[in-house]
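Heads up: the structure comes next, in structure tokens.
What follows draws every value from the coordinates through simple rules; no lab data is involved. Just so we're clear, the structure is a prediction, and the values are computed from it rather than from any experiment. Quick reminder, even Gly has a Cβ in these numbers, built from the backbone with ideal geometry, and neighbours come from all protein chains shown.
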Amino acid sequence: MGASSFSSLKKKKIRMSQQINTNVTPSFSSQEKSESNMYEGRSYHNTDSIYWLPNDNEELDRLIGQHFALKSLFGGNFNTKVLDYMSMEDRTTKVLDCGCGPGTWIMDVATEYPNIQLTGIDISDVFPTSIRPPNVNFCLGNLLERLPFEDNTFDFIHVRLFIAALRKEEWPLALEELFRVLKPGGILISTECSQIGPGRDFINEFAILIAKFMESRGQEPEIAAMLPDLLVSKGYELIDSVKQVINLGANDSLSREFLYDVINLTRNAKPFIAPHLNLTTDQEYNDMVNKLTIECQKEPQAQWSFTSTVARKPL
Ligand SMILES: C[S@@+](CC[C@H](N)C(=O)[O-])C[C@H]1O[C@@H](n2cnc3c(N)ncnc32)[C@H](O)[C@@H]1O
């Protein structure tokens with residue numbers, strides 16, 4: 001590949017018919033199994049969710065690795081301000097991880113705090129069904145429908161990386177539903193990522209195209225920065241908001257771990273992203289991913305950030 005411009009990767013327009021059909025009505029209960037669609041050899045949630053990442057082993061491996069990188073980035077599984085508001089040793093303390101994926105965060109917290117009761121819920125049954133810590137349960141559920149919990153059930157709700165799962169207009173509804181199941185005085189922690197950048201031409205152009213791709217799906221690429229205000233507008237009290245920045249070109253092991261995560265994320269999102277980048281063959285897409293890796297490695301300014309916002313339902 002010669003020119004550094006991203007546009008040199010573009011070859012042909014992709015046909016609309018190659019895009020994924022997400023027009024399938026979901027139907028979930030805690031007893032049912034979720035269904036999947038196969039597309040380009042990858043498995044996806046078979047629902048009308050806008051979510052554009054697969055639910056196969058490769059993606060689950062990425063999420064597990066990403067969990068431990070995030071734990072290291074933030075110095076723990078959650079902001080310790082939570083401990084000012086509740087006991088994580090008390091047998092009555094109830095924790096929900098909404099959109100738990102493979103359940104890595106919740107099983108890690110369950111092992112650290114063996115007395116509390118934890119529930120993981122996800123639209124896709126990618127969580128463990130048999131082997132798990134004894135204080136953890138998992139169930140199927142869609143945050144955009146009524147969650148299968150009574151009002152005021154949980155002391156602490158964790159919700160992480162819904163950026164690719166919700167349309168901008170769905171965020172307020174999702175925060176309202178979480179507010180409903182949170183106890184008065186309970187804590188919500190929402191952690192979301194930014195776009196990558198700034199950088200030289202290639203990285204900037206990549207970030208712009210990804211932002212346009214998300215906007216074309218009605219999604220908000222900068223939701224992380226908007227969440228504190230959004231939470232307050234939905235009746236939560238803001239407790240704290242911590243932004244951690246990663247330099248993707250830095251040579252320490254954590255930065256390299258996050259670069260690996262960006263690259264795997266880009267690979268796993270191929271069936272959705274490739275048409276928007278007008279990349280029609282595997283070779284073109286692989287060339288783009290390889291170039292993204294090299295550009296990030298040599299660009300001292302290329303950053304990725306995660307913002308973790310802590311909010312409370314008033315007493
Ligand atoms: C990027 S993954 C993050 C998983 C986990 N929170 C973590 O940080 O490792 C997003 C998860 O949200 C789930 N998800 C997407 N839309 C959802 C919805 N409407 N309701 C519940 N879960 C949803 C996906 O199935 C996926 O497991």
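For the chain, how big is Rg over Rh, using alpha carbon atoms and the Kirkwood form of Rh?
On the way: Rg = 19.6 Å, Rh = 20.3 Å.
Reported Rg/Rh, Kirkwood definition of Rh: 0.96.
Report, in listed order, any pair from LYS212/LYS234; LYS183/LYS234; LYS243/LYS270; LYS168/LYS234; LYS270/LYS298; LYS81/LYS243 with a Cα-Cα distance greater than 22 Å. Check vs 22 Å cut-off fails for LYS212/LYS234; LYS243/LYS270; LYS270/LYS298. Dipole magnitude for the stretch 6-312: computed about the Cα centre from +1 point charges on Lys and Arg Cβ and -1 point charges on Asp and Glu Cβ, it is near 680 debye. Straight-line cross-link reach from LYS313 at under 17 Å between alpha-carbon atoms covers these aspartates and glutamates, not counting any fewer than eight positions away in the same chain: ASP84, ASP97, GLU150, ASP151, ASP155, GLU176, GLU177, ASP229, GLU237, ASP240.
Taking amide H atoms as placed 1.01 Å from N in the peptide plane, the amide H of TYR39 lies under 5 Å from those of TYR44, each 5 or more residues away in sequence or on another chain.
Which one of LEU60, PHE179, ASN152 has its Cα pushed farthest toward the positive end of the charge dipole of the chain, where Lys and Arg give +1 and Asp and Glu give -1 at the Cβ? So the residue furthest toward the plus end is LEU60.
The packing ranking of peptides 213-223, 79-89, highest mean first, is 213-223, 79-89, where packing means the average number of other beta carbon atoms within 10 angstrom of each residue.
Computed from Cα atoms, the angle from the helix 253-268 axis to the main principal axis of the chain rounds to 70 degrees.
When the chain is treated as a GNM with alpha-carbon contacts under 10 Å, the residue of ILE294, ILE157, ILE210 showing the greatest mean-square fluctuation is ILE294. Projecting the Cα atoms of PRO271, SER308, SER87 onto the charge dipole of the chain (Cβ charges, centred on the Cα centre) puts PRO271 farthest toward the positive pole.
Using all pairs of distinct alpha-carbon atoms, the Kirkwood hydrodynamic radius of the stretch 184-237 works out to 13.0 angstrom.
Of the residues CYS98, GLY41, THR281, the one whose Cα sits farthest toward the positive end of the charge dipole of the stretch 6-312, with +1 on the Cβ of Lys and Arg and -1 on the Cβ of Asp and Glu, is THR281. Between amide H atoms placed 1.01 Å from N, distances below 5 Å from LEU96 occur with THR119, PHE156, ILE157, HIS158, all of them 5 or more places distant or on a separate chain.
With runs of 4+ DSSP H residues as the only contributors, calculate the mean residue ellipticity of the chain at 222 nm using -39,500 (n - 2.57) per run, divided by the residue total and rounded to the nearest 500. Present the calculation step by step, with values, prior to reporting the outcome.
On the way: 8 runs with 106 residues, N = 315.
That comes out to -10500 deg cm²/dmol.
Using a Gaussian network model of the chain in which every pair of alpha carbons under 10 angstrom is joined by a spring, one finds that among SER305, SER190, SER72 the greatest mean-square fluctuation is at SER72. Sorted on the mean count of surrounding Cβ atoms within 10 Å across their residues, most packed first, peptides 295-302, 191-198, 306-313 read 306-313, 191-198, 295-302.
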